[in-house]
Amino acid sequence: MAVIVFAVDRLTKVWVQQHLVLHQSEPVLGGAVYLTHTQNTGMAFSLGASLGGLFLVIALLAVAGILISYPRLPAGETWMPVAMGLVLGGAVGNAYDRVVSGSVTDFIDLRFWPVFNLADSCIVVGALILIWRLSAKPDKG
């Protein structure tokens, strides 16, 4: 899952960098969504623009935590590996951008939310799944 997320994240960011100039915005899906090329030095959804280095460290700690805890998952657990793969792929995707260019390419623009990218979405969805699974009551079987 992490490899797929990373690969698709890279492909979408490269496509945006090659087809949209910085701050260019193009409507898609009948104008329900826009592709808007931005460069973000902060974290997901453009928060904390001056703290990019700190976010790189946090991403690397998240990667280490996932890699350490993954082998300890209970046998038969379905959702935790998916969630960890989503978070891992997204964190590595955005960390790669920070290391290579000092900022993260964002492009998904809903007009009512800060511009974000696929990696951000995967991190959020993965984190929500992790919260759901960690808060679930264990089976009494």
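The values are calculated or read from the model by the stated rules, or taken from the named source; none is laboratory data. Keep in mind that this is a model prediction, so the values were computed, not measured. All Cβ positions, glycine included, derive from the backbone under ideal geometry; neighbour counts span all protein chains shown.
Picking from residues in the range 96-137 that are in contact with an Asp or Glu (Cβ under 8 Å, 6 or more places away or on another chain) and among the charged types (D, E, K, R), the one that is modelled with the lowest pLDDT is Arg133.
Restricted to the range 99-113, and to residues that are among the charged types (D, E, K, R) and surrounded by 19 or more Cβ atoms within 10 Å (Cβ to Cβ), which residue is farthest from Thr12 (Cα to Cα)?
Selected residue: Asp109.
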